[in-house]
Amino acid sequence: MSEDHAHVQEFFTARAADWDSRFPDDGPAYAAAVVELGLRQGGRVLDAGCGTGRALPPLRAAVGRSGVVVGADLTPAMLRAAVRAGRDRDGHLLLADVGALPLRPGSFDAVFAAGLIAHLPHPAENLRELRRVVRPGGTLALFHPVGRAALAARQGRRLTPDDLRAEPNLRPLLAGSGWRMTSYVDEDARFLALAVREG
């Protein structure tokens, strides 16, 4: 395991047990973001960096029982928390690095990624890997239940020009990874960037 992966696992392992109780009001924001993915009944969706699986219930509702929902995360403790919360009933949980997914090319119609991009050790490579598992024309949602400024304030830091989620940085990053950004929202109540897989 790389040092980057070890750091991510250490960070989230220490927070897994009380993650949901720290952010109890995020559910509606997750549900609203899932709606914007435009999933259909019978669709196939990957929750990349699923954590405790908070997106799995709305993703399951969007694709129905005939659809496929997979939640992948690098941290076993987060997946165990998802099971304790009963969210494994809404999707298959997979212990995996989103930079090297054990999934077939073009397996999914969409990828939902909540709070993921800030924790990617190699964002361009990792976004290309997410592209690999999505069919041409499929979608990617990069989401956070609060906007960049609100998140920075919560963490006691200032926004900097090199923030990956700033539109002038994110748009070319996505384009260079085979995605075309179609919408971008960064407000106190949420951050949501949608992109379509090119090619």
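The values are calculated or read from the model by the stated rules, or taken from the named source; none is laboratory data. Keep in mind that what you see is a predicted model, and the values were worked out from it rather than measured. Note: ideal-geometry Cβ built from the backbone for every residue, glycine included; neighbour counts use all protein chains shown. Ligands, DNA and RNA are excluded from the accessible area calculation, which covers all protein heavy atoms including side chains. Shrake-Rupley method; radii C 1.70, N 1.55, O 1.52, S 1.80 Å.
Assorted remarks:
- The chain, helix-only ellipticity at 222 nm - DSSP H runs n ≥ 4, -39,500 (n - 2.57), divided by all residues, nearest 500: -9500 deg cm²/dmol
- Net charge dipole size for the chain [Lys, Arg +1 and Asp, Glu -1 on Cβ; Debye, nearest 20]: 520 debye
- Under the Karplus curve 6.51 cos²θ - 1.76 cosθ + 1.60, θ = phi - 60°, whole-Hz ³J(HN,Hα) for the stretch 64-72, x wherever Gly or Pro sits: x, 5, 7, x, 10, 10, 10, x, 10
- Close amide-amide hydrogen proximity is noted between C50 and A72, D73, each under 5 Å apart and 5 or more residues distant or on a separate chain (H modeled in the peptide plane; Pro and chain starts excluded).
- Relative contact order %, the chain, counting alpha carbon pairs below 8 Å whose residues are six or more apart: 19 percent
- Positive-end extreme of charge dipole, the stretch 159-199 - chosen from P168, V196, Y184 (charges on Cβ): V196
- Residues whose amide H comes within less than 5 Å of that of G64, counting only those at least five positions distant or on another chain, are G42 (H built at 1.01 Å from N in the peptide plane).
- In the chain, the DSSP beta bridges split such that about 45 percent are antiparallel, to the nearest 5.
- Euclidean distance between Cα centres, the stretch 90-127 to the stretch 174-199, Å: 15 Å
- Cα-Cα P(r), the chain, percent of pairs per 10 Å interval: 9, 38, 41, 12, 0
- Whole-number accessible area per residue in Å² for the stretch 88-199, which is evaluated in the context of all protein chains at 1.4 Å: 47 Å²
- DSSP beta bridge pairing in the stretch 102-199, given as percent antiparallel to the nearest 5: 70 percent
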